[in-house]
Amino acid sequence: MPAEPAVTFDDPQQLLRDIVRACYHKGGLRTARLFRVDPTFFSELRREILAFVEAHKPSDVRGAEHVTNWTKPFGTVYQFSLLNRSGRADDTSADHDLSTQGKSFHHGADYPRMAAFVAAFPHAINMRLNAMGQKAGLSPHEEHPVRYVDRRKCWLTTRFHLPVVTNPAVEVLLDGDLCRMEEGSIFYFNNGCVHSAVNRGGEMRYHLVWDMLLRRETYQLMFSPAPVEVP
């Protein structure tokens, strides 16, 4: 299940500087297309995801207690949690705890392509399927990828998107710039920028979205010029 790399970054220190610059709205790296997923695998993955949506209950981002409600969602905005400890698609309790411990995709027997995709990113701290209906979206907001443990130690989280179902009328803004993400490609997405999304099309939009700590392994898998193999 090879993937075709689209952009690579030869210098990990420069990558880090560019990510942090964008987090502080000083240019830098806002987004980049990293891989094109193998078309046959992607077609099978998409089929399984649409079946999973029909069989499982999502969480409603509009709910006051939802972990993402602070983004001020409007319209139909749902989230399916695919990497957690309970196996429930509506369980968001561990999505942002910076840990991989005890988390897994619990439905691999029924959805082997989804399981293979999740397993390809062993350092992911979450994996979510975000659903956005017609005229729905998230209001402008920014997050904090730099996570301080104490005054001297911090982690940097990196976010990635795989559009599964989208359309040309979807608008995503990153610090005021329009970001187009096509189906079947994996994108780095700097959520430290001010960003928003709205689906002006006539069908649901589905994106796989996941966060990874920027460790050596993450750099080598997602950004390094060395050849890698992911689904």
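Using just its DSSP H runs of length 4 or more, each adding -39500 (n - 2.57), the chain gives a mean residue ellipticity at 222 nm of -5000 deg cm²/dmol after division by all residues. Each Lys and Arg Cβ is given +1 and each Asp and Glu Cβ -1; about its Cα centre, the stretch 32-81 then shows a dipole of about 220 debye. Taking Arg30, Arg152, Arg85 in turn, the Gaussian network model of the chain (Cα-Cα springs below 10 Å) assigns the largest fluctuation to Arg152.
A simple count of charges around Phe9, restricted to other residues whose Cβ falls under 13 Å of its Cβ and scoring Lys, Arg +1 and Asp, Glu -1, yields -1. Look at where the Cα atoms of the stretch 19-46 and of the stretch 108-177 average out, and the two centres are 10 Å apart. In a simple Cβ point-charge model (Lys, Arg +1; Asp, Glu -1; nothing else charged), the chain has a dipole of about 500 debye relative to its Cα centre. Note that the stretch 95-107 has calculated 3J(HN,Hα) couplings of 5, 10, 8, 6, 10, 9, 5, x, 9, 7, 8, 8, 10 Hz, one per residue in order, obtained from phi through the Karplus relation 6.51 cos²θ - 1.76 cosθ + 1.60 (θ = phi - 60°); glycine and proline are x. Check the straight Cα-Cα distances from Lys135 and name the lysines below 26 Å, setting aside those fewer than 8 residues away within the same chain. Of all the lysines, those that pass the test against Lys135 - Cα under 26 Å, at least 8 places apart if same chain - are Lys57, Lys72. Between Arg47 and Arg147, the FRET efficiency estimated from the beta carbon spacing at R0 = 35 angstrom works out to 0.45. Whole-Hz Karplus values for the stretch 176-186 come out as x, 9, 6, 10, 9, 10, 8, 4, x, 10, 9 Hz, taken residue by residue from phi with 6.51 cos²θ - 1.76 cosθ + 1.60 and θ = phi - 60°; glycine and proline positions read x. Residues whose amide H falls under 5 Å from that of Leu83, counting only those 5 or more places apart or on a different chain, are Met127, with hydrogens built in the peptide plane. When semi-axes √(5λ) of the Cα gyration tensor in Å is computed from the coordinates, the matching label among (i) 24, 21, 19; (ii) 29, 21, 17; (iii) 34, 19, 16 is (i).
Scanning the chain for DSSP H helices at least 27 Å long along the axis (C-alpha atoms) with a Kyte-Doolittle mean no lower than 0.5 picks out nothing. Take the Cβ atoms of Asp110 and Lys57, set R0 to 25 Å, and the FRET efficiency comes out at 0.95. Between Thr76, Thr40, Thr100, the residue with the greatest mean-square fluctuation in the GNM of the chain (Cα pairs under 10 Å linked by springs) is Thr40. Using a probe radius of 1.4 angstrom, the carbon and sulfur fraction of the accessible surface of the chain is 50%.
Computed about its Cα centre, the charge dipole of the stretch 171-231 is approximately 120 debye, with only Lys, Arg, Asp and Glu carrying charge at their Cβ.
For Gly27, neighbours were defined as the other residues whose beta-carbon sits under 14 Å from its Cβ, and their charges (Lys and Arg +1, Asp and Glu -1) total +1. Computed from the Cβ-Cβ distance with R0 of 22 Å, the FRET efficiency linking His25 to Glu182 stands at 0.25.
The values are calculated or read from the model by the stated rules, or taken from the named source; none is laboratory data. The structure presented is a predicted model; accordingly, all values stated were derived computationally and were not measured. When we count neighbours, we look across all protein chains shown, and the Cβ atoms used for this are built from the backbone with ideal geometry, even at glycine. What goes into the accessible areas is simple: the full protein's heavy atoms, side chains included, and nothing from ligands, DNA or RNA. Shrake-Rupley method; radii C 1.70, N 1.55, O 1.52, S 1.80 Å.
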